[in-house]
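Reading through the structure tokens given below for one structure.
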């Protein structure tokens, strides 16, 4: 190998982000699921949605990750490189819980199972495993966030159309 190529290869490998590197700083917001408040990190682009909660060793009881997609669609999540069990909550574009996968275990094998939504969803909230049961979160529950995050979802509008 020519020296210039070797130097370039070392530079590329040294500057490539590691899959285990610290997660990028994500936008944060408070959100409510059926009136229960969570402090959430927001994954709204392909890179942050793909990384999700990978390589995390813990998630506080009041913490969550909110995944935002451009359109409502059938979604499936997996637990590759996720070290903590989670509840996965799927919400439609109006902010109503349409499906959930509870107590989803971490995946420590090469081929991880997928955990799909039963109906099309636009938003997904991951919370620590057992949260849905502990808080009695059921289909039809509402997803809400503050006005400074974005317009209110239909599930959070009060009579008269105001949040």
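Every read-out reported here was derived from the displayed coordinates using simple, explicitly stated rules and does not represent laboratory data. Just so it is clear, the model here is predicted, and its values are computed rather than measured.
At a glance:
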quantity: The range 48-126: C-alpha pair distances exceeding 13 Å, %; calculated: 65
quantity: Å³ per residue enclosed by the Cα convex hull of the range 96-144; calculated: 88
